[in-house]
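Visitor: Provided herewith is a single structure, encoded as structure tokens, for subsequent inquiry.
The values are calculated or read from the model by the stated rules, or taken from the named source; none is laboratory data. The model shown is predicted, which means the values in this text are computed figures rather than measured ones. Cβ sites come from the backbone with ideal geometry, for glycine too, and all protein chains shown count toward neighbours. Side chains are part of the model used for accessible areas, which takes the heavy atoms of the whole protein and leaves out ligands, DNA and RNA. Shrake-Rupley method; radii C 1.70, N 1.55, O 1.52, S 1.80 Å.
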Amino acid sequence: MALEYPSSTFIGIDVNSSFFPPSDKYPPNVCFLTSNVTYGIPFPKETFDFVYLSMMYSAFTEQQWSELTKDIVRVLKYDGWVESLETTALCLNRGKVTKWIEEAACIACMKEKGINCRITDLLPKIFESNGLTNIKCIKIEYPVGEWFGCFGKYSMNNLRRLFQSFVFLPEYMGISYEEYIDLLDIFVKEANENKTYTHLQRCFAKKTWIG
Ligand SMILES: C[S@@+](CC[C@H](N)C(=O)[O-])C[C@H]1O[C@@H](n2cnc3c(N)ncnc32)[C@H](O)[C@@H]1O
């Protein structure tokens, strides 16, 4: 985008700078900033024409999503747009073991971190309650499993890695960590057999006032 729009300035924000590319790998109208956005977006009001955020669904509590949206609205200019791209997290056409893991993960994420695993579905409402208008959301099917070739294998491996990182989950499921890891093999098998998929949701919304 920065190459396509050379007269615009692009600022990338992440709390963890290790994800930023080396400076010789991006054009001069791009910069990166290390910042924890739960303390506010470090820019004056009405700075940006466009704010984009993606794959942040597990980073914030519902309260933090509301506060962040309010702050996005603050830094947007009149007629500016926000766009979000998030996964709906929960699988469809899922097998029994996948359902068990996902339901336990939702309970555990809420108890351990205050994270609502269904936050993506709530985003349009959160946008609306912060005064954004022209809200439009599009859901895209996102296959999980080798049944959808190398793309499905890639998304399944991502999800498997995510499940594997939930070291607190076996306790919620009443099983040992070793038993839990074995279940992840069943998840892989089930995804292929059931043609499991999830959704990506892209939402756009507009700020239609000054201030
Ligand atoms: C799943 S990654 C998504 C990265 C990128 N947005 C993308 O779509 O590829 C989530 C990112 O959120 C960052 N993050 C988590 N909490 C944050 C916070 N409070 N402020 C800023 N960044 C945060 C993490 O460091 C991580 O890089």
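Visitor: Does Phe204 fit the bill of being more than 13 Å from Trp100 (Cα to Cα), modelled with pLDDT of 95 or more, hydrophobic (A, V, I, L, M, F, W, C) and part of a strand (DSSP E or B)?
Guide: When the stated conditions are applied, Phe204 passes them.
Visitor: Return the residues of the range 143-163 that are closer than 19 Å to Glu86 by Cβ, open to solvent by 50 Å² or more (accessible area, probe 1.4 Å) and either outside any helix (DSSP H, G or I) or of a type outside the set (A, V, I, L, M) (or both); say none if nothing qualifies.
Guide: Passing the criteria: Phe151, Tyr154, Asn158, Arg161.
Visitor: Just one of Lys153, Lys125 is over 17 Å from the mean Cα position of the chain (by Cα) and of a type outside the set (S, T, N, Q); which is it?
Guide: Answer to the selection: Lys153.
Visitor: Within the range 67-116, track down each residue that is outside any strand (DSSP E or B), surrounded by fewer than 17 Cβ atoms within 10 Å (Cβ to Cβ) and at positive phi.
Guide: Result: Gly114, single match.
Visitor: Another one. Under 7 Å by Cβ, and 6 or more places apart or on different chains, what pairs join a residue from the range 52-73 that is more than 23 Å from Ala105 (Cα to Cα) and at pLDDT 95 or above with one that is small (Gly, Ala, Ser) and assigned to a loop (DSSP other than H, G, I, E, B)?
Guide: Every condition considered, the pairs that remain are Asp71/Gly40; Val73/Gly131.
Visitor: A further question on this structure: Would you mention how many residues in the range 27-66 are touching a Gly at 6+ places or on another chain (Cβ under 9 Å), in a helix (DSSP H, G or I) and within 10 Å of the ligand (Cβ to nearest atom)?
Guide: Of the residues in that region, 1 qualify.
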